[in-house]
1. For helix 99-112, report the angle its Cα long axis makes with the longest principal axis of the Cα atoms of the chain; keep it between 0 and 90° and round to the nearest 10°.
2. At what distance in nm do the modelled label points of residue 39 and residue 83 sit from each other, each positioned 7 Å from its Cα along Cα→Cβ?
3. Which of 69, 296 has the fewest other C-beta atoms within 10 Å, and how do the rest follow up to the most?
4. Which residues does the label zone of residue 271 cover in the range 172-186, counting backbone N under 18 Å from a point 7 Å along Cα→Cβ?
5. Could you list 1, 205 so that the one with the fewest beta carbons within 10 Å of its beta carbon is first and the one with the most is last?
6. Simple spin-label model, 7 Å along Cα-to-Cβ: residue 139 to residue 2 in nm?
7. For a quick check, take a GNM of the chain with Cα springs below 10 Å and name the residue from 323, 160, 299 with the largest mean-square fluctuation.
8. If you stretched the chain out fully between residue 161 and residue 378, how much longer would it get, using 0.36 nm times the residue separation minus the C-alpha to C-alpha distance?
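Computed from the coordinates by the stated procedures, all read-outs in this text should not be read as laboratory data. Bear in mind that the values here come from a model prediction, so they are computed numbers and not experimental data. Backbone-built Cβ (ideal geometry, glycine too); neighbour counts: all protein chains shown.
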């Protein structure tokens, strides 16, 4: 059972603005307070819905940021460079960690920055859907890697086997060369460009490609720091995607990205979004309701009645300045004074990037058990073992 909460005196983000209101919740947002609710006074702090990461490879976040050339013309060149070194260190040892530990670190990376929902690009590992996984992971999707690393036959098979009401993701046009510029038309010729297609990266797409795609596909996922790191470029004509509400942001994995979803926002903020008259001036909407709509996550992105109780308290500037993160109605990590307001939660002390934090004891036990460690996160106490009485 999740302890019912009655949040008071908070500024609650809804539909691109904030409004002081009460929030009632268990594991979902309620219309009225539940019996025996714990009243939590947040005294003017701002609450945002849990952020949504539209693209990650959850099992790859324990690798170091990697490249072997200053700039690549196409990401497949980078992929071939990496493939040649998989049996050398540090990659050889890092590949040998259990899949739970690798996935857990990817989930933890997202949770710590307030991204409580993630679209994973890759196999549907059953571990991602355990109740104790750090974040919610999109379940209903199909995927292919790319036109370079998959055969056309396999791509068509993957697309055709994906139900039309499920999204289908593919890395496409991830480069600046003629090969990347040809990929949208190649994919279209294969019959894999339709209303459930989600294009990831799209850097090499021409204006004609974008103008054609925006009326057909579900949307584009931009991974700003990955594109800058590998290609020194970004998707062109982003304003077209924005005007059609078909742009989402992904953090990719730490193999190529700078860190997490909040790090991506630094790149996003460099774009002069105010040139698009009908687009909200606050960038949070890209990470919240607009992304939820684009990747068909109906119960995230807004703190509306019936939605899952995922929210972030405080600043979205960087992860150490977030004052608390709640997933499924259960506080996970936050500043000690804020976590103390949730008196039903047992915590242990920690440091996150040098800032004191309190961590839910259940999450702390997982962190301690994991064979991989999240850089910048240090438990200052050993979580007591769980004792069972029969």
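1. Result, in degrees: 70.
2. Once both label points are built, they end up 6.3 nm from each other.
3. Values: 69 10, 296 16.
The fewest-first ordering by Cβ neighbours comes to 69, 296.
4. 172-176
5. Values: 1 5, 205 25.
Ascending Cβ contact count within 10 Å gives the list 1, 205.
6. 1.5
7. Result for the chain, Cα springs under 10 Å: 160 fluctuates most.
8. Numbers: separation 217, 0.36 × 217 = 78.12 nm, distance 4.39 nm.
Result for the pair: 73.7 nm of gain on full extension.
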